[in-house]
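Asks: The structure is given below, and queries will be raised subsequently.
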Amino acid sequence: MTRSAALAWHGIVRGLEIFTSSLFVALVVVVLWGVVSRYWPGIVPSDWTEELAVYLLVWVSLLGSALTYRSRGHLGVDYFVSHFDPAAQRLTVILVELCVLLFAGFALCYGGYRLVTDTLGSGQLTPVLQWKVGYFYSAVPLSGLFISAFSIEHLLEPAGPPATGAAPAA
């Protein structure tokens, strides 16, 4: 990867981090306002806060899972793989990355795209906010796109995918 491409990719990932963090801050503010408006005397309870909080939580969860995947923070079966010889460890990591890429590409990107287009086509609106539901569902293909890209990034690392752990001492 050229230096300019690496800088652009770093900027995209940093933008995703900032966007996801901003959505999380918005989630906290919306939930806090929902609680305050419900229990503070003299303030009319806001009926939109629960609905918006649910959608913000979905966005934060999906985009946050993509970022967690990039940093290899998800659960795995490292205990078993660490008992393999180094070549088998590397092969296992490559197979896992390919499975993730296949799932993210098909289920999240393609399936999410179909979900968004079908929902937008039906004109379905959220009950309280009256916003198009398809826009909220766009978190699915977007997270799939990032997970696919991060899987490719893992596969293209200079030394290849890292071994999952050191083999136990004899």
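Asks: Consider residue 82 against the criteria (1) surrounded by 12 or more Cβ atoms within 10 Å (Cβ to Cβ); (2) farther than 20 Å from residue 108 by Cα; (3) modelled with pLDDT of 90 or more: it satisfies all of them except one. Which criterion is unmet?
Replies: (3)
Asks: Quick test for you: out of 119, 92, pick the one residue that is hydroxyl-bearing (Ser, Thr, Tyr), over 20 Å from residue 55 (Cα atoms) and buried (at least 16 other Cβ atoms within 10 Å of the Cβ).
Replies: 92
Asks: Let me ask something additional. Take the residues in the stretch 121-141 that are in contact with a Leu (Cβ under 7 Å, 6 or more places away or on another chain) and in contact (Cβ under 8 Å) with a residue 60 or more places away in the chain, then tell me which one is farthest from residue 59 (Cα to Cα).
Replies: Here the answer is 129.
Asks: Moving to a separate point now. Do the conditions hold for residue 52, that is, is it of a type outside the set (Ser, Thr, Tyr), within 17 Å of residue 128 (Cβ to Cβ) and out of contact with any Lys or Arg (no Cβ under 6 Å at 6 or more places or on another chain)?
Replies: In short, yes.
Asks: Tell me which of these residue 110 doesn't satisfy, since it passes every other one: (1) of a type outside the set (Val, Ile, Thr); (2) within 15 Å of residue 146 (Cα to Cα); (3) buried (at least 17 other Cβ atoms within 10 Å of the Cβ).
Replies: Of (1) of a type outside the set (Val, Ile, Thr); (2) within 15 Å of residue 146 (Cα to Cα); (3) buried (at least 17 other Cβ atoms within 10 Å of the Cβ), only one is false for residue 110: (3).
Asks: Residue under question is residue 128, and the condition is that it be β-branched (Val, Ile, Thr), surrounded by fewer than 16 Cβ atoms within 10 Å (Cβ to Cβ) and under 30 Å from residue 48 (Cα atoms); does it hold?
Replies: yes
Asks: Now a separate question. Of everything in the stretch 68-103, what is of a type in the set (A, V, I, L, M), within 12 Å of residue 154 (Cβ to Cβ) and touching a helix residue (DSSP H, G or I) at 6+ places or on another chain (Cβ under 6 Å)? Give them in sequence order.
Replies: 100, 101
Asks: Let me ask something additional. Take the conditions farther than 28 Å from residue 130 by Cα and modelled with pLDDT under 95 and apply them to residue 72. Does it pass?
Replies: Taking the combined requirement at face value, the residue satisfies it.
Asks: Let me ask another. Being of a type in the set (Phe, Trp, Tyr) and either modelled with pLDDT under 95 or farther than 16 Å from residue 67 by Cβ (or both) is the filter here, so list the residues in the stretch 10-42 that pass it.
Replies: Within the stretch 10-42, 33, 39, 40 meet the criteria.
Asks: Something else: Between a first residue in the stretch 145-157 that is closer than 14 Å to residue 72 by Cα and a second residue that is outside any helix (DSSP H, G or I), which pairs have beta carbons less than 6 Å apart while being 6 or more apart in sequence or on different chains?
Replies: If the second residue must be outside any helix (DSSP H, G or I), the pairs left are 154/161.
Asks: Among the residues of the stretch 42-76 satisfying the criterion of being aromatic (Phe, Trp, Tyr) and closer than 21 Å to residue 28 by Cβ, which is surrounded by the fewest Cβ atoms within 10 Å (Cβ to Cβ)?
Replies: 48
Asks: Within 19 Å of the chain's Cα centre (by Cα) and either touching a residue at least 60 places away in the same chain (Cβ under 8 Å) or part of a helix (DSSP H, G or I) (or both): is that true of residue 14 in this structure?
Replies: Here the answer is yes, as residue 14 does meet what is asked.
Asks: So, residue 44, is that one free of Cβ contacts under 8 Å to residues at least 40 places away in the same chain, hydrophobic (A, V, I, L, M, F, W, C), more than 27 Å from residue 148 (Cβ to Cβ) and outside any helix (DSSP H, G or I) or not?
Replies: yes
The values are calculated or read from the model by the stated rules, or taken from the named source; none is laboratory data. Since this is a predicted model, take the numbers as computed values, not measurements. Backbone-built Cβ (ideal geometry, glycine too); neighbour counts: all protein chains shown.
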